[in-house]
Each structure stands twice: as structure tokens, then as C-alpha cells.
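Here is the structure we will look at.
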Amino acid sequence: MRSSRTIHVISAHAEGEVGDVIVGGVLPPPGETIWEQSRWIARDQSLRNFVLNEPRGGVFRHVNLLVPPKHPEAQAAWIIMEPEDTPPMSGSNSICVATVLLDGGLVPMQEPETHLVLEAPGGLVRVRAECRDGKAERIFVRNVPSFAQKLGARLEVEGVETLTVDTAYGGDSFVIVDAETLGFSLTEDEAHDIATLGVRITDAANAQLGFTHPDNPDWRHISFCLFAGPLREGLEGMETGAAVAIRPGKVDRSPTGTALSARMAVLHARGAMKEGDRLTARSVIGSTFSGRITGETMVGGSPAIHPEISGRGWITGMHQHMLDPSDPWPEGYRLSDTWGAR
């Protein structure tokens, strides 16, 4: 076999959502901070195209690039590459990265708990992993500060009655809609309709509402639409269903850690959650993330929370992505049958 490029990947998923981790074959991109490095990856596109586009990738895949940390407290850093965005933070991807670092032996595992600090493009996240018999069984991530931005905003979506929505940030930016109002029970058979409508809602929210992060002027759009299920009391706090539509048109298989953080921020802003309260979200495939508000803070002069999310991750394989010099599609391709109209 011949290859002009070889990238070493450990594949993983967190509660069903794929989050592969590049562990070799790629030099750190230029930049003084992890955020600047992530912006270089986003602008350059060549690595994103190589690992995310077909035939190596697909709309279902997220890929994370391990890089040396910039912050002295961090043991590792990573850059998140999603189908359309290169975001500040991701809950499922942070769980995948922590799982690969610990189960793969890149960071020493301590039983019954391992503590480590990871550096995401959006800031430091502190990880606590429950470990047994050489396996990180559950990953707890103290996410970046999360906040509500617009509450009860009106949104016009073609073909849909006027919606009342919230916008919020949980490490990534969301427009949040009531699933029941739109006729969804958040089950597997609804995934296609949720994905299609969710992208339309996200596009409308960007056009009509917009988004600004007070501490990160580079992040000026809404990435996702969260279809939020009704709240109910559970054994360990509140429970809910959740489905997140990810551009260009798929549903997150996990409950989405940044969405859980964003929804807790909205509930906190409304007085429905306080420090110490818990919220567990269930995805369309039945997997769960648990969330907890660990503290209160301020972002840009507005109230915010410190959210903790937790879930499970598993390694699914090891791969070497290669490029034959004669391959006519060196950066792959995207077709509208799965990637949506472009």
C-alpha cells in the first residue's frame, strides 16, 4: 500500500454520537491559543475535508484533533471538527476525548477516579472519570460557563406557525424550541423530520435573532436547534427528552452535552433550576446525559452557570486514514442525498 498521507485515529462514541480522535499524523496548526488554532483549521478546511468528507467520513461523524495544551493546568487539548462547524466546545466529543485518553493509555488512569484538565477551544474543562478494571466507565465534564441570551423570542419559520423560542449558549449556540408544540415525541422514527425542520429553524433564527458571545466576538451564529421535551420529576431530579438538529441535516444520537448545558442555563434564568439541581436528558435512541448546576457566575455582565455534564464513552476501533497519490478526490466529496442541499 502506498500513501502520501497517513492519519492515525482512535474511533469512539459517547452515548451513540461518533467522536473519533486523531492521535497521530497531523502536526499542530499555527496559533498562539487553542482557539486561534481552531480558527486556522476552520479556514484551511483541508484536514476537515479529509476526515469528514466521504469516502473516509460522513455526515454522522465528528473528529477531534489532539494538540499540545497551551494552558499550564491542562494535560491535553483538542480541536473539534463537526460536519459544518469547528466549535468552541462539545459535550459528546469531550467525553470521547477523555475516554480515548484514559482507555487508550495516553493519560495514566487512577482507580476509582481520575481527574484531569482538558483545554477546548472555548476554554478549560475539568474532567472526573469513574474508572474500574482499566475502563473509564463514566465521564463527568465541568463545562464552560453557559448562559441564556434571548427568552421567549418570536420566530417566523416558513410553513410553521410563529414560534416562541429561546436562544442560549452551552459551549455552543442554540435555538431552543418546544418539541410537543411542534408535534414531536422525540422518538427514533422522527429523526428525519426533526433534522430537516431543525435546520430550517436554525437558519431562521440566525437571520431573525442572531447570536453574540460577549467574550468571544468570533462566535456570531447559532449552530443548532434543540427540540426540548417536557420536564418531569425523576429519581435524581428533573428528566426530559432532547433532540438536536445538526447542520447540514442530522440528529445527534446523544442528548448533546452543550444542549443540556444551554437548557439548564435557560431554566436557571427562569428560576426553574438553581445551584445543585439536576437535569437528565434522553436522546432519540434512549441514551442519556446527566447535568447538574455546580455554581453561578457572570458572562459579559449577565448571569450564567457552571454546568457539569456526564455520560459514557466507548472505543470502537483504530484506523489509519490514507491517501493514495492517484486518488482523484484527495479531500473527498459531499452529495446532497446525505449532506443536504448546499
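The values are calculated or read from the model by the stated rules, or taken from the named source; none is laboratory data. Remember, predicted model here, so these are calculated numbers, not experimental data. All Cβ positions, even for glycine, are placed from backbone atoms using ideal geometry, and neighbour counts span all protein chains on display. The area values use the complete protein model at the heavy-atom level, side chains included, leaving out ligands, DNA and RNA. Shrake-Rupley method; radii C 1.70, N 1.55, O 1.52, S 1.80 Å.
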Pair list, Cβ under 9 Å, 6 or more apart: region 303-332 residue closer than 18 Å to Arg48 by Cβ, other residue in a strand (DSSP E or B) and of a type in the set (D, E, K, R): His319/Asp20; Trp329/Glu54; Gly332/Glu54
Meets criteria (more than 22 Å from Arg312 (Cα to Cα) and β-branched (Val, Ile, Thr)) for Val51: yes
Conditions (1) open to solvent by 10 Å² or more (accessible area, probe 1.4 Å); (2) farther than 23 Å from Ile293 by Cα; (3) not charged (D, E, K, R): number failed by Pro121: (2)
Sole residue being open to solvent by 10 Å² or more (accessible area, probe 1.4 Å) and modelled with pLDDT of 95 or more, chosen from Arg43, Arg48, Arg2: Arg43
Tally of residues being surrounded by 17 or more Cβ atoms within 10 Å (Cβ to Cβ) and either touching a helix residue (DSSP H, G or I) at 6+ places or on another chain (Cβ under 6 Å) or within 21 Å of Ala242 (Cβ to Cβ) (or both) across region 286-313: 17
Phe184 vs. criteria open to solvent by less than 20 Å² (accessible area, probe 1.4 Å) and modelled with pLDDT of 95 or more: no
Breaking point among (1) open to solvent by 30 Å² or more (accessible area, probe 1.4 Å); (2) over 17 Å from Thr256 (Cβ atoms); (3) touching a residue at least 24 places away in the same chain (Cβ under 8 Å), for Pro217: (3)
From the options Gly171, Gly234, residue that is on the phi > 0 side of the Ramachandran plot, open to solvent by less than 70 Å² (accessible area, probe 1.4 Å) and not β-branched (Val, Ile, Thr): Gly171
Residue within region 319-335 that is closer than 28 Å to His115 by Cβ and either part of a strand (DSSP E or B) or modelled with pLDDT under 95 (or both) present: no
Among (1) of a type in the set (S, T, N, Q); (2) surrounded by fewer than 18 Cβ atoms within 10 Å (Cβ to Cβ); (3) touching a residue at least 40 places away in the same chain (Cβ under 8 Å), the one test that Thr162 misses: (3)
Total residues in region 88-115, condition more than 17 Å from Pro307 (Cα to Cα) and either open to solvent by less than 10 Å² (accessible area, probe 1.4 Å) or of a type in the set (A, V, I, L, M, F, W, C) (or both): 11
Criterion: among the basic types (Lys, Arg), open to solvent by 10 Å² or more (accessible area, probe 1.4 Å) and out of contact with any helix residue (DSSP H, G or I) (no Cβ under 7 Å at 6 or more places or on another chain) - qualifying residue of Arg247, Arg270: Arg270
Lone unmet requirement of (1) surrounded by fewer than 21 Cβ atoms within 10 Å (Cβ to Cβ); (2) under 25 Å from Asn143 (Cβ atoms); (3) among the aromatic types (Phe, Trp, Tyr) for Trp78: (1)
Verdict on Met298 being on the phi < 0 side of the Ramachandran plot, out of contact with any Asp or Glu (no Cβ under 8 Å at 6 or more places or on another chain) and either among the β-branched types (Val, Ile, Thr) or in a loop (DSSP other than H, G, I, E, B) (or both): no
